[in-house]
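**Student:** Dropping a structure here in structure tokens format, bear with me for questions.
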Amino acid sequence: MIDWQRIVTEHGPAVWQTAYRLLRNEADANDCMQEAFLAAVEVSRREPVRNWRALLGRIATARAIDRLRQRLRETARRDDPADVAAVPAGGPGPETCAGNAELAARLLLSVSQLPSRQAEAFCLRFLSDMTYDEIADELGIETNHVGVLLHRARSKLRALLDGVVEVKET
Amino acid sequence: MNGNTHQQEPDIVSHAVRALRDAPMPDGPTPEQLARTTAAVRSAALASPPLTLKERIRTMPRLTKYAAAILLVLLPLAVVIAVLVVGTESSVTFAAVKKQLLEARSLSFSMTTQIEGMPEQTGKAYYKMPGRMRVEMGPTVNIVNYPARRWLMLLPEGKKFMRMDISDMPGIDEIGLEDFMAELRKALEGAVEELGERQVDGVRAKGYRVCESGMWQDIWVDAETGQPLRFETELPWSNGHVTVLEVILNPPLDDALFNMTPPTGYEEHPAPPVSRLMDATEDDLVGGLRAITTLNDGVFPKYPMMDPQLTDKLRQANLPEEQLHETVQKVVRMGAYASVLPTRCTDWNYAGHGVTLGDARTPIMWWRLKDSPTYRMLYGDLHFEDVDAAEVEPTRPTGG
């Protein structure tokens, strides 16, 4: 019998923060967290879960990226892509704050334009600090392939952030 | 490869990652939200015991199982419900449409199905509480009475009728019109995007696209009043779609429309046991595909379903009655499995057209179950392989 209360209590905050970091909206983060746990229930029916943290992190990340993409489609029609990922300023100095907030928002916008696997791998590695092995387990791929996905993701993001690649809806 | 370290390159990506990680993060989630999530998870976990793949397919939302036989009814109704859920930006709020939905005592609409290479079919559907449905589609009139657990199919051209007992369907005791709408509403809580405005039947209309399980449904409403005008949705595994028009909530419907007594002069035709459709499996999909491909001279047909050409070939084959019955059963069970499968998937596709039966190297059909890391891949020799999702290019809008 799975102790769901313990699992939600133990992993809920991290799952919520994972979602919030990508969505920057508390209501969306709440929805995303609940969806992640409900999806985890389904997964636990199919197979024993060895690493709840990784599983929930992966599901929450995937759901949050889906929502980011949805926002991108909606805001593209309004011709205001900044709406996708407005990030509040933080850190030292007002100018630096504003610059960082804008850069973070552009990163979210760019992540939402990556292929799903690349976006998931990138977020799990660089925002959730998961190891290559954990990512490989969760995505059902070889560990070596994680490196390939991350390399491709970074290359694409670099181009998008530098403005080399035209921003397109995906 | 050592995955425990990663390079901190002083490039713009690393800078952006740091900026995002350093951005203010509120305290969260609230204890109330955690409690709500715990309650939802416990409820979901208790809803049913651990299931195998086949069991999960067998225990899919009860009413989607009817899709095998009344798919053309379910999808249009789903689209109708979608507009009630989605609402509009004008006068219709979610609370208002939900109230309207829950208080609806009857519903009617007309519909048209178009599949490339097949004749267009039009029909009318009527629903009336408690749990009664009438669908006039093609050569059939279907009358279902859920409380009585009976399904009557009339074939006016041949003056025949079939009576089907649906009492042994799993979960039949819980089925009612409200359940029907509630389940569809839940299924339709997918991504919503706006399609802009266009003229529909001479009226300025606003469009919305709902996407669930990779299947799209377009909803067009009067831009001024929010009244539904036209809905369109695709049919799985084929280049076809259903258009729904003339949606009316709470129309006055005569009880005679739902009369379960066959008209005078109609002759009874033996009906297959409907419950046999409920436990269709991958084996049935394979069996049906083998049957229709054999009919099609060993080449997979354009779509994984019977079409007029294949029906003609079946007639021309002059099979003994027992063999004919067996072939039809295979095709029906294949349809039962194929029609509900997309509801469990994020991505699915059929690409068998022209592939020779026995070709072990060419995939003809593949799908990815929700939250699965792999695709189920069916090849031309009808063997399965599970393939890493990273190696498959998604074909659906929300695939992958």
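Computed from the coordinates by the stated procedures, all read-outs in this text should not be read as laboratory data. Computed from a predicted structure; not experimentally measured. Virtual Cβ from ideal backbone geometry, glycine too; neighbours counted across all protein chains shown.
**Student:** May I ask for the equivalent-ellipsoid semi-axes of segment A:4-161, computed as the square root of five times each C-alpha gyration tensor eigenvalue and listed largest first in whole Å?
**Tutor:** 26, 19, 15
**Student:** Using amide H atoms built 1.01 Å from N in the peptide plane, name the residues 5+ places from B:ASP388, or on other chains, whose amide H lies under 5 Å from its own.
**Tutor:** B:TYR375
**Student:** OK, next. Average partner chain C-beta neighbours within 10 Å, per residue of A:9-15?
**Tutor:** Average per residue, whole number: 3.
**Student:** Compute the length gained on full extension between B:ASP381 and B:ALA256: take 0.36 nm times their separation in residues and subtract their Cα-Cα distance, giving the result in nm to one decimal.
**Tutor:** 39.9 nm is the gain from fully extending B:ASP381 to B:ALA256.
**Student:** Taking every Cα atom in segment B:280-391, find the radius of gyration and the maximum pairwise distance Dmax, and write them in Å.
**Tutor:** 14.3, 47
**Student:** At a 10 Å Cβ-Cβ cut-off, how would you order B:LYS330, B:LYS370, fewest neighbours first?
**Tutor:** Lowest count first: B:LYS370, B:LYS330.
**Student:** Neighbouring Cβ atoms within 10 Å as the yardstick, rank A:TRP52, B:TRP348 fewest first.
**Tutor:** Ordered by Cβ neighbours within 10 Å, fewest first: A:TRP52, B:TRP348.
**Student:** Let me ask you something else. For a quick check: sort B:CYS345, A:CYS32 by the number of other beta carbons within 10 angstrom, fewest at the front.
**Tutor:** With the sparsest Cβ surroundings first, the list reads B:CYS345, A:CYS32.
**Student:** Also: Just to check I understand the Karplus step: with θ = phi - 60° and J = 6.51 cos²θ - 1.76 cosθ + 1.60, what whole-Hz values come out for segment A:125-130, glycine and proline as x?
**Tutor:** Working through the residues one at a time gives 6, 9, 10, 10, 6, 7 Hz.
**Student:** Using only Cα atoms, locate the centre of segment A:138-165 and the centre of segment A:1-47, then give the distance between them in Å, rounded to an integer.
**Tutor:** 25 Å
**Student:** Moving to a separate point now. In the structure displayed, which of B:LYS302/B:LYS330; B:LYS124/B:LYS206; B:LYS160/B:LYS330; B:LYS128/B:LYS206 lie more than 27 Å apart, Cα to Cα?
**Tutor:** Check vs 27 Å cut-off fails for B:LYS128/B:LYS206.
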